[in-house]
Amino acid sequence: MIKLNDQLKISILVLLVGSYIIYDQKPRLMFKDNGEFKQFGVKQDETIFPFFMMVTVMGFTVYYVLLLREGKYV
């Protein structure tokens, strides 16, 4: 059976809530005016900050910060 430590549980919760808030707000940086996701790229109608990438970075960052707070630096 998989055992989840407290940092991982908190990270998953923050990731789910943060993802929902970002998706609900639909910032123009990641979404088109009609609410669809923008494609990844550097053209005018594309973005360098797609939703999937921001959620991934947010998840790793939250988990890493929680590990640092506990004192596990390695």
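The values are calculated or read from the model by the stated rules, or taken from the named source; none is laboratory data. In this text, all values refer to a predicted model and were calculated from it rather than measured experimentally. Glycine also receives a Cβ, built like all others from the backbone with ideal geometry; neighbour counts cover every protein chain displayed.
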- Candidates VAL62, VAL57, filtered to the one that is surrounded by 15 or more Cβ atoms within 10 Å (Cβ to Cβ), free of Cβ contacts under 8 Å to residues at least 60 places away in the same chain and among the hydrophobic types (A, V, I, L, M, F, W, C): VAL62
- Return the only residue of ILE2, ILE48 being of a type outside the set (Asp, Glu) and touching a strand residue (DSSP E or B) at 6+ places or on another chain (Cβ under 8 Å). ILE48
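So that you can scan it fast, the table gives a plain yes or no per residue for (1) among the small types (Gly, Ala, Ser); (2) modelled with pLDDT of 95 or more; (3) not in a helix (DSSP H, G or I):
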residue	(1), (2), (3)
VAL14	no, yes, no
SER19	yes, yes, no
ILE22	no, yes, no
LYS43	no, no, yes
- Message: Give me the residue from segment 13-29 that is touching a residue at least 40 places away in the same chain (Cβ under 8 Å) and among the hydrophobic types (A, V, I, L, M, F, W, C) and, out of that set, farthest from ARG69 (Cα to Cα).
- Response: LEU15
